[in-house]
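Here is the structure we will look at.
The values are calculated or read from the model by the stated rules, or taken from the named source; none is laboratory data. Quick caveat, the model's predicted, so the values are computed rather than measured. Cβ: placed from backbone, ideal geometry, glycine included. Neighbour counts: every protein chain shown. Quick note on the areas: whole protein, heavy atoms, side chains included, nothing else; ligands and nucleic acids left out. Shrake-Rupley method; radii C 1.70, N 1.55, O 1.52, S 1.80 Å.
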Amino acid sequence: MITVDDFPADIMEKMRKITLSILRETAKESDLKEERPEITVLNLRRSVMTSKIGSETVKTRLCQIKNERGITSSKYKKRAFKEVIKTLEDKNLIKLSNDIDNDSIVALNINEINKDIATKPNDVTLLLFYAYCPTQMTRAEQDKAIELCYKRLTSLNVTGRLRVAREGYNSTLTGSYSGIRDFTSWLRKEFPDTFQHTDFKYVDELPANHKLKGLKVWPVTEIVTYGFDPADAPLEKTGTHLSPVEFHKAMMNQNSIMIDVRNFNETLIGKFAPPTHSTSEEIESNSEKKKSKKRKADSEEVQVPKVLDPCMRKSTEFPEWVEQNKELLQGKQVLMYCTGGVRCERASAYLRNRGGIEDVYQLEGGIHRYLEAFPQDGGFWVGKNYTFDKRFSHGAENATVISTCVHCGSPWDRYQAQKVCANSRCGMEVLLCRPCERTKPAIAKDTLFCPLCSDKKKDKQTKRN
């Protein structure tokens, strides 16, 4: 027999919020039609079950919990939803026409619902998304989209950044739970061709100090700045999308090789570290330098790099890296990944179109979705995932620190000091731990070098010696 204890509190709370959000949206639509806000239990349950918790639907998550707990009842999902409805009715947020069945009418107490889901001091929701338009917008359409989005976001008290290019949108926004979901629902209705299948990533229940300051909605040429002609990376040639679980399995393929398309300061604090493999390959000597030396390459065991880090300071360096390294990728199953997926779209298309590599795949939803799929041990991920919001980074529950302070060498992975590499031609942000940041007198800025520049200095010193 199913009891209330069979339903995890966090899942029930998320279902409650999703249900309230749907009811609030129903009320808004009814106001526009000058109708009484009502919905049947059956339709409400269908809407809730198909809503997403992270990368999964509520229905999928409940099925997983049911299997994990060894529950055999076929009514587990219905019972979970029924418990949510009972809670809302007890709080006078809704009223049912009769007992809870499919045809019961849910009447809304919209004033109480608005009070319940109003912004709380420590309840900020972060929204991350990108979307490419099926056909490129005209400049007039781009200007109109910017105007409409800014007006809607302002009315919802949402803050953050929304880049709007003629090719699509790229966003990092913060607001209330209901305000953020109001905006994404509006996007789907206002621009259905673009946002119908968009993967909106929500991070709920963040502290108040994680809310971004101000709102900026502005025109850009590309939603990710690669600098090449979009014709060199047509979206129809984008790599095959793999779910986090599929990507995890692909990493174990002996013939797979991975490309991290993020910038070096991001890869420094976290990366994939899947099982490695070795093969016997011929190592060609540098005939210009050591013509007289012969290597025993035919029988030499060589460690083949599983994850390739282009060590980019900015994304515009990617085309050059492809040109210099495409031979390494020939005959391989190429797996590409980035923070949320957007950088892989053009990058994978460029690799296939200009690099001539066909067997290309990318992590759907990026590292963000992968860590949702492997929340405890992180799967094959080690360290933290760099983020462009006030979290700075996030990781699995048992995440370890894999990077160090550039000054003292102690473990550190937060870019909170806002310090950059002393090499003026570099500009890469550097990791400076809190104790070093607070040192008196202050550490000289011209002594702080990122690992890329520091390694070059060491190489030069070695050559001199």
* Can you list residues whose amide H is under 5 Å from Thr40's amide H, if they're 5+ apart or on another chain and H is modeled 1.01 Å from N? -> Val106
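Considering only the other residues whose Cβ falls under 12 Å of the Cβ of Leu431, what net charge follows from Lys and Arg at +1 and Asp and Glu at -1?
Details: positive: Lys384, Arg414, Lys419, Arg434; negative: Glu266, Asp413, Glu429, Glu437.
Net charge around Leu431: 0.
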* Report the charge-dipole magnitude of the stretch 316-373 in Debye, nearest 20, computed about the Cα centre from +1 at each Lys and Arg Cβ and -1 at each Asp and Glu Cβ. => 60
* Asked: For the Cα atoms of the chain, what angle does the longest principal axis make with the long axis of helix 342-353, in degrees from 0 to 90, nearest 10?
  -> 50
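Once fully extended, how much extra length lies between Glu323 and Arg391, figured as 0.36 nm per residue of separation less the alpha-carbon to alpha-carbon distance? If you can, show how the numbers build up before the last one.
Numbers: separation 68, 0.36 × 68 = 24.48 nm, distance 3.50 nm.
This chain segment gains 21.0 nm when fully extended.
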* Taking the dipole about the Cα centre of the chain, with the C-beta of Lys and Arg at +1 and of Asp and Glu at -1, give me whichever of Pro275, Asn109, Thr404 is farthest to the positive side. => Thr404
* Asked: Do any trypsin sites (Lys or Arg not before Pro) in the stretch 185-224 lie in a DSSP loop with no more than 12 other beta carbon atoms within 10 Å, and if so, which?
  -> Lys213
* Residue by residue through the stretch 216-224, which ³J(HN,Hα) values in whole Hz follow from phi under the Karplus form 6.51 cos²θ - 1.76 cosθ + 1.60 (θ = phi - 60°), with glycine and proline marked x? -> 10, 10, 9, x, 9, 7, 10, 6, 10
* Could you work out how far helix 76-90 tilts from the main Cα principal axis of the chain, as a 0 to 90 degree angle to the nearest 10? => 60
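If you stretched the chain out fully between Met12 and Ser424, how much longer would it get, using 0.36 nm times the residue separation minus the C-alpha to C-alpha distance? Walk me through the intermediate numbers first.
Working: separation 412, 0.36 × 412 = 148.32 nm, distance 5.21 nm.
Full extension from Met12 to Ser424 adds 143.1 nm.
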* Note the angle between two axes, namely the Cα long axis of helix 9-33 and the longest principal axis of the Cα atoms of the chain, as a number of degrees from 0 to 90, rounded to the nearest 10. => 60
* **Filter on Lys82/Lys211; Lys384/Lys445; Lys201/Lys419; Lys86/Lys390; Lys77/Lys249; Lys59/Lys384 - keep pairs with C-alpha separation over 32 Å** => Lys82/Lys211; Lys86/Lys390
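Quick one: order His241, His368 from most to least accessible surface, probe 1.4 Å. Walk me through the numbers on the way to the answer.
Values: His241 70, His368 10 Å².
Reading off the accessible areas and sorting them downward yields His241, His368.
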* Could you state the number of Å between the C-alpha centres of the stretch 303-371 and the stretch 144-196? -> 29
* Under the Karplus curve 6.51 cos²θ - 1.76 cosθ + 1.60, θ = phi - 60°, whole-Hz ³J(HN,Hα) for the stretch 153-165, x wherever Gly or Pro sits -> 5, 4, 5, 9, 6, 9, 10, x, 10, 10, 8, 10, 10
* **Calculated mean projected area of the Cα convex hull in nm² (choose from (1) 28.6; (2) 22.6; (3) 30.2), label** => (1)
* Asked: Taking a probe of 1.4 angstrom, what is the accessible area of Tyr361 in Å², to the nearest 10?
  -> 50
* Estimated FRET transfer efficiency when R0 is 51 angstrom, pair Ala107-Asp143 (beta carbons, to 0.05) -> 0.75
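Of the heavy-atom accessible surface of the chain (probe 1.4 angstrom), what whole percent is carbon and sulfur? The partial results should precede the final answer.
On the way: 11630 of 24620 Å².
Of the solvent-accessible surface of the chain, carbon and sulfur hold 47 percent.
Kirkwood Rh over alpha-carbon pairs of the stretch 303-462, then Stokes-Einstein at 25 °C and 0.890 mPa s: what D in µm² s⁻¹, rounded to an integer? Intermediate results must be reported in sequence, preceding the final value.
On the way: Rh = 17.9 Å.
D, rounded to a whole number, is 137 µm²/s.
Solvent-accessible area per residue for the chain at a 1.4 Å probe radius, Å²? Walk me through the numbers on the way to the answer.
Values: 24620 Å² over 465 residues.
Here the per-residue accessible area is 53 Å².
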* Asked: Full extension from Asn253 to Asp309: what is 0.36 nm times the residue separation minus their Cα-Cα distance, to one decimal in nm?
  -> 18.3 nm
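Set the Förster distance to 45 Å, then compute FRET efficiency between Asp377 and Lys151 from the Cβ-Cβ distance, nearest 0.05. Before the final figure, lay out each step's value.
Numbers: r = 44 Å, r/R0 = 0.98.
Computed FRET efficiency for Asp377 and Lys151: 0.55.
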